[in-house]
Amino acid sequence: MTALKTMFETENRTSPVILRVLLGLVIFPHGAQKLLGWFGGHGLEGTLGFFTQTMGVPMVFALLVIAGEFFGSLGLIAGFLTRFSAFGVLCIMMGAMFMVHLDNGFFMNWSGNQAGEGYEYHLLAMGMAVALIVSGGGKYSVDGWIARTFFNKKTDTAASQFSEQVATHNPIQEGAR
């Protein structure tokens, strides 16, 4: 139960909201290209064919990449399973960086002079993902609501009230009264 609680716990801060929503919005079109064929993509069949036949990626990993980009981006935007979704994006970006973009150098191919895109975008996305793994979804996240609703319940028993009083008892303050 502790691992599940840790998965959903988050601080009530705004910076993780900005990170997760922007990362989700940037990753979503890539996932939609791969799964649905939106934004000029090839859809599920075309993407699976490219990953498995051209790149030699095993089918299970190709499916995980597609699901991670599409559903993980939606999870980030909503703040649902933020740490899990961010970990998926981290793995996908790391794989893309090492398998495809590392040989193209650091910079993106703005002028068309390189053989392909560099890995600066991937490093930035990985940094955002790591920050979200550490912080969780922040304010306005489904994770925060789940943590508050299901994991932070206080009991109103006499024993818990007594133990709270004992823990906060300060004899020095009482002597000053």
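Some notes on this structure:
- Some residue of region 129-151 being at pLDDT below 85 and either open to solvent by less than 80 Å² (accessible area, probe 1.4 Å) or among the aliphatic types (A, V, I, L, M) (or both): no
- In region 5-31, the residues that are more than 13 Å from Gly136 (Cβ to Cβ) reach residues that are surrounded by 17 or more Cβ atoms within 10 Å (Cβ to Cβ) and small (Gly, Ala, Ser) with C-beta atoms within less than 6 angstrom, at least six apart or across chains, in these pairs: Gly24/Ser73; Ile27/Ser73; Phe28/Ser73; Gly31/Ser73.
- Cβ pairs under 8 Å, 6+ apart, first in region 97-119 and surrounded by 14 or more Cβ atoms within 10 Å (Cβ to Cβ), second among the aliphatic types (A, V, I, L, M) and in a helix (DSSP H, G or I): Met97/Leu123; Met97/Met126; Tyr119/Met97; Tyr119/Leu102
- Helices (runs of 4 or more DSSP H) wholly inside region 1-77 containing at least 1 residues that are open to solvent by less than 40 Å² (accessible area, probe 1.4 Å) and under 25 Å from Met128 (Cα atoms): 2-8, 15-36
- Given (1) more than 17 Å from Phe8 (Cα to Cα); (2) in contact with a Gly (Cβ under 7 Å, 6 or more places away or on another chain), number of the condition Met55 does not satisfy: (2)
- Flag for Gly43 being closer than 27 Å to Gly137 by Cα and of a type outside the set (A, V, I, L, M, F, W, C): no
The values are calculated or read from the model by the stated rules, or taken from the named source; none is laboratory data. Quick caveat, the model's predicted, so the values are computed rather than measured. Heads up, the Cβs are rebuilt from the backbone with ideal geometry, glycines too, and the neighbour counts pull from every protein chain shown. Accessible surface areas use protein heavy atoms only, side chains included; no ligands, DNA or RNA. Shrake-Rupley method; radii C 1.70, N 1.55, O 1.52, S 1.80 Å.
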